[in-house]
1. How long are the three semi-axes of the equivalent ellipsoid of segment 106-183, in whole Å, if each is the root of 5 times an eigenvalue of the C-alpha gyration tensor, listed from largest down?
2. Please give the residues of segment 120-156, grouped as numeric ranges, whose backbone N is less than 20 Å from a label point set 7 Å along the Cα-to-Cβ vector of residue 100.
3. Kindly rank 21-34, 139-152, 73-86 from highest to lowest mean number of other beta carbons found within 10 Å of each residue.
4. What translational diffusion coefficient, to the nearest whole µm²/s, does the chain have by Stokes-Einstein, given a Kirkwood radius computed over alpha-carbon pairs, a temperature of 37 °C and 0.692 mPa s viscosity?
5. Is the C-alpha gyration tensor of segment 144-210 telling us rounded, prolate or oblate? Criteria: a/c under 1.5 is rounded; beyond that, a/b larger than b/c is prolate, otherwise oblate.
6. From the P(r) of segment 33-81, could you give the percentage of C-alpha pairs in the tail past 18 Å?
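Bear in mind that the values in this text are calculations on the coordinates, not laboratory data. Note that the structure is a prediction, hence the values are computed from the model and not measured. FYI the Cβ positions are ideal-geometry reconstructions off the backbone, even for glycines, and counts take in every protein chain you see.
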């Protein structure tokens with residue numbers, strides 16, 4: 001997927017559901033729940049159970065959604081993820097070889113960075129956007145706001161501590177989109193299999209961000 005299309009998806013949907021699933025069946029139910037709540041950007045972390053298989057499965061089950069992956073640590077994992085049809089790639093860190101490998105295949109890559117130097121380096125090396133992680137540890141939305149002056153042209157996606165309650169503040173502070181994991185999938189609801197409550201949280205989030 002070319003970069004422009006990816007950026008327009010982010011601008012349209014504004015939130016990415018991040019799924020870390022210990023069992024493939026659970027991952028599928030989590031994805032179905034947020035999709036039924038109207039979320040269209042879904043990330044399956046590469047350390048989920050049979051992540052590649054789950055991504056391929058969701059690509060056919062949720063044709064209107066954009067399914068990507070995250071928590072990729074090296075070029076080998078990145079290539080396996082692309083082979084599984086992942087449509088976007090998140091990494092927790094900045095690795096120039098991974099950025100180049102993703103660019104060669106025209107798949108958007110969003111490396112993790114925290115300081116202004118890391119963020120700018122990722123962007124200048126060809127990242128599609130930059131994941132600001134862990135954002136809450138740095139002061140949350142205020143940190144995103146303070147980066148806007150010098151780094152305003154770089155599309156930032158904060159993750160790590162984004163909740164249903166504070167997601168909107170990040171967008172108001174200048175983020176192009178946010179990534180939510182625990183905020184969308186409270187442990188108790190996942191354990192109980194309360195997919196309706198998870199779908200309803202996703203729906204509420206999408207209304208707030210619209």
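1. Working: eigenvalues 71, 38, 22 Å².
Ellipsoid semi-axes (Å, largest first): 19, 14, 10.
2. Inside the label zone: 120-129.
3. Working: 21-34: 19.5, 139-152: 15.6, 73-86: 17.5.
Descending packing order for the listed peptides: 21-34, 73-86, 139-152.
4. Numbers: Rh = 16.8 Å.
Answer from the Stokes-Einstein relation: 196 µm²/s.
5. Values: a/c = 3.67, a/b = 2.41, b/c = 1.52.
Prolate, since a/c reaches 1.5 and a/b exceeds b/c.
6. Details: 340 of 1176 pairs.
The proportion of pairs with Cα distances above 18 Å equals 29 percent.
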